[in-house]
Structures are given as C-alpha cells and as structure tokens.
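The structure under discussion appears below in the form of structure tokens.
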Amino acid sequence: RPRVLSGIQPTSGSFHMGNYLGAVRQWVALQETHDAFYMVVDLHALTLPQDPRELRANTRLAAAQLLATGLDPERCTLFVQSHVPEHAQLSWVMECMTGFGEASRMTQFKDKSSRHGADRTSVGLFTYPILQVADILLYQADQVPVGEDQRQHIELTRNIAERFNGRYGETFTVPEPYILRETAKIFDLQDPTVKMSKSSSSPKGIIDLLDDPKASAKKIKSAVTDTGSEIRFDPEQKPGVSNLLTILATLTDVTVAEVEQKYAGKGYGALKTDLAEVVSEWAAPFSARTREYLDDPETLDSLLAEGAEKARSVAAETLAQAYDKVGLLPGK
Ligand code: ATP
Ligand code: MG
C-alpha cells in the first residue's frame, strides 16, 4: 500500500468547507486504499499567537471533527503532531538543509507575515514549511493530500528530500502532491478571488462546518455573486457563482456540469437556497458526531495516544536513519 500523510491546524475551532472539500474528504477516501497517517498539527498552530487553553481545547476539537468526517482509527493512524517529538527533531536537520533564499520564496509566508506586520511575525512562521518537510519525510509518504495552497510546500519537500538523498545517499521517499483539481481551492464567500481561510477570512466569508445551520444559510445567501444572472461555471468571469457550484456539486456527488444543467434558466437565489439546504443536511449529523466524540474526552485521548504510538514507531526509525546519515553520534 502506498503511504499518505497530511495534517490540519487546530486553529479557530471549526473546520471550514475549504478544509473539508480541499483536503479532509480525500483523507477519508484514501484510508481505504493507502497506509494513511493524519495529524492535528498543533506545532504549526503556534506560528500565530494562541491562547494556551483554547489551543488545547481546539486540538481535541480538531481530532473530534476528523473522526466525525469518517476517519477511522482502525483504518488510519490519527495523532497529534506534538505527541511525536521526532517532528521537531527532524525539522532542525531540515532547516540546516534549506537555503535562506529558498525559504524566503514561500508565498504563504509572504501573505501571512504581511498581514501581521514584521514585529508580530515570528521566526516560526518563516520556518514552518520546513517543519512540514519533516512532517512528510518522517513517514516516507508517497503522496500528500492537500489543497492548492500547499503545493509550493510539497515542492519544497521534494527538493529537500532530493538534496538530502543526493548528499547522504537514498534516505527519503520523494513525495507527490495529491490535489484534486475540482476542489483544490474553495474561495471566500465574500471575496471569491482568495481562498477560504481559517486565519484570514472574515466570518461572513467562511462556511464553518460547526456553524448553526441558520448562520451558514445566511452567509451563503449573502455570498458575493457576480453581475448578470446566468448560472454558469466560469471561474474567470463568475468566480462567486462557480465557487457555489463547486461546493454544491461535490457535496451532492455529481459533476459541476450536471449542477449547471439543473440550474439553467434559474436565478442565483435558487442556487443559494438549495446550497444552504445541502450544507445544513451535511453539517447537522457532522456536528452531532463531533459533539459525541467531545463528550467522551477519555476515549478521545486514548485514541490519540494509540495513534501517536503507531506514528512514533515509524517516525523514530526514519529519524535515527537521518541522524546517522548526517553524522550525529548515537547516544545511549
Ligand atoms: P490558515 O489560513 O490559518 O492557514 P487554513 O484555512 O489554510 O488555515 P489549514 O489547517 O492550514 O487551514 O489547512 C488544512 C488543509 O486544508 C490543508 O491541506 C489546506 O491546503 C486545505 N485548505 C485550506 N483552505 C482551503 C481552501 N480554501 N480550499 C481547499 N483546500 C483548503
Ligand atoms: Mg493553511
């Protein structure tokens, strides 16, 4: 079985529709065919200021949401990043393999740091793609299911894996991105030219999966659409409508062309009303399941502990190889 690895940040509580359609939905499918490792990346969350108590609660909440979407600890390895110390340990080696200029070219850093200002930008925000390199290489992942915004970081991972292998001999699997074209980038409802984002979307721009259905419906109904009235999939001319069509098609398991056909001659209002309905039908059982997992924190924590143990057995072996290759003297 080929191996996949991916992660999601435990920031801002609820996952959003972009996280689900762009990434987590694929994770659920891939656990059937792949040796799958999925994690809540709490170390990545520290790149922006977090309230400690909230971070802890959001880490459990993220795990509960992953289980509620259908991740099954019998069929995948689900864990919390900081429970596997090898991530931080390999990250240092990878930092020393990465050029400063190379890291400076990461567009996500440029976006996020410009939003927060130089004084409030941590070095961790700058180096987090390198922690991600370590995350992926530790598990010798063949594929990394993510949204389009992560493509550059996977490319960096490939470059560093090749560099390491070239310098020290075959050590790491060079991973491929696994990005589904249709849902690679779900857009902000209020600004359909930028991605829906936990950290930068306005509340009105984001469909939170744990939102009250009425709140989601309201947001969908006030989504920015385009002038004109024709319902047509045309991301260039009609980014707002196209985004709604993508979400509706994916959630109802039909093609965008079929949805387009269904709404031929109808107005934006009909599309929005139906989408709100579909989202609420999807989200209600999801929220209920999430709550069930949260209501039993002991079971949740022990699932995560088991996941961490499985993950560690793989990660420790890779870390030991990498330490050996670069010439660190084994302890004991
Ligand atoms: P932040 O804005 O703080 O980075 P985020 O919304 O990007 O938060 P993450 O936890 O960083 O959320 O991302 C988890 C996964 O969801 C990643 O694989 C990412 O590529 C994917 N993803 C995030 N936003 C979208 C989106 N709008 N469309 C498709 N995939 C997305
Ligand atoms: Mg992100």
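Quick note: the coordinates plus some simple rules give every number you see, no bench work behind them. All values derive from a computational prediction rather than experimental measurement. Ideal geometry is used to build each Cβ from the backbone, glycine not excepted, and the neighbour counts take in all protein chains shown.
I want to confirm something. Restricting to the range 127-140 and keeping residues that are in contact (Cβ under 8 Å) with a residue 40 or more places away in the chain and away from ligand 1 (no atom under 13 Å from the Cβ), which single residue is farthest from Val40 (Cα to Cα)? Step through it out loud before you land on a result.
From the range 127-140, those in contact (Cβ under 8 Å) with a residue 40 or more places away in the chain are 128, 131-140; that's our starting set.
Add one more test, that the residue is away from ligand 1 (no atom under 13 Å from the Cβ), and what stays is 133-134, 137-140.
On the way: Val133: 16, Ala134: 15, Leu137: 17, Leu138: 15, Tyr139: 15, Gln140: 18 Å.
Taking the candidates together, the pick is Gln140.
Kindly indicate whether Ala88 is surrounded by fewer than 18 Cβ atoms within 10 Å (Cβ to Cβ) and more than 25 Å from Asp301 (Cα to Cα). Explain how you work it out, then say what you get.
Numbers: surrounded by fewer than 18 Cβ atoms within 10 Å (Cβ to Cβ): yes; more than 25 Å from Asp301 (Cα to Cα): no.
Criteria not met by Ala88.
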Inside the range 223-241, can you point out the residues that are in contact (Cβ under 8 Å) with a residue 24 or more places away in the chain and either small (Gly, Ala, Ser) or over 12 Å from Leu189 (Cβ atoms) (or both)?
-> Ala223, Ser229, Ile231, Arg232, Phe233, Gly240
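Hey, among Gly101, Gly124, which residue is among the small types (Gly, Ala, Ser) and free of Cβ contacts under 8 Å to residues at least 60 places away in the same chain? So that I can check it myself, show each step before the final result.
Working: Gly124 fails: free of Cβ contacts under 8 Å to residues at least 60 places away in the same chain.
Checking each option against the conditions leaves just Gly101.
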Residue count for the range 149-180, restricted to those that are of a type in the set (D, E, K, R), within 14 Å of ligand 1 (Cβ to nearest atom) and in contact (Cβ under 8 Å) with a residue 24 or more places away in the chain = 2
Take Asp274 and decide whether it is more than 16 Å from ligand 1 (Cβ to nearest atom), of a type in the set (Asp, Glu) and in contact with a Gly (Cβ under 9 Å, 6 or more places away or on another chain).
-> no
Which of the residues that make up the range 106-126 are loosely packed, with under 15 Cβ neighbours inside 10 Å, within 15 Å of ligand 1 (Cβ to nearest atom) and not in a helix (DSSP H, G or I)?
-> Ser122
At least 2 residues that are closer than 25 Å to Glu292 by Cα and under 19 Å from the mean Cα position of the chain (by Cα) in each: list the helices (runs of 4 or more DSSP H) lying fully within the range 42-98 that qualify.
-> 42-45, 52-69
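Just to be sure before I move on: is Leu71 closer than 16 Å to Leu303 by Cα, of a type in the set (A, V, I, L, M, F, W, C), without any contact (Cβ under 8 Å) to a residue 60 or more places away in the chain and away from ligand 2 (no atom under 16 Å from the Cβ) in the structure I sent? Reasoning before the result, please.
Numbers: closer than 16 Å to Leu303 by Cα: yes; of a type in the set (A, V, I, L, M, F, W, C): yes; without any contact (Cβ under 8 Å) to a residue 60 or more places away in the chain: yes; away from ligand 2 (no atom under 16 Å from the Cβ): yes.
Against the criterion (closer than 16 Å to Leu303 by Cα, of a type in the set (A, V, I, L, M, F, W, C), without any contact (Cβ under 8 Å) to a residue 60 or more places away in the chain and away from ligand 2 (no atom under 16 Å from the Cβ)), Leu71 qualifies.
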When every residue in the range 198-238 that is more than 19 Å from Met17 (Cβ to Cβ) and in contact with a Gly (Cβ under 7 Å, 6 or more places away or on another chain) is compared, the one surrounded by the most Cβ atoms within 10 Å (Cβ to Cβ) is Asp226
Enumeration of residues in the range 17-40 that are surrounded by 24 or more Cβ atoms within 10 Å (Cβ to Cβ) and outside any helix (DSSP H, G or I) = Ala36, Phe37, Tyr38, Met39, Val40
How many residues are in contact (Cβ under 8 Å) with a residue 40 or more places away in the chain, hydrophobic (A, V, I, L, M, F, W, C) and more than 22 Å from Val4 (Cβ to Cβ) if we restrict to the range 23-68?
-> 4
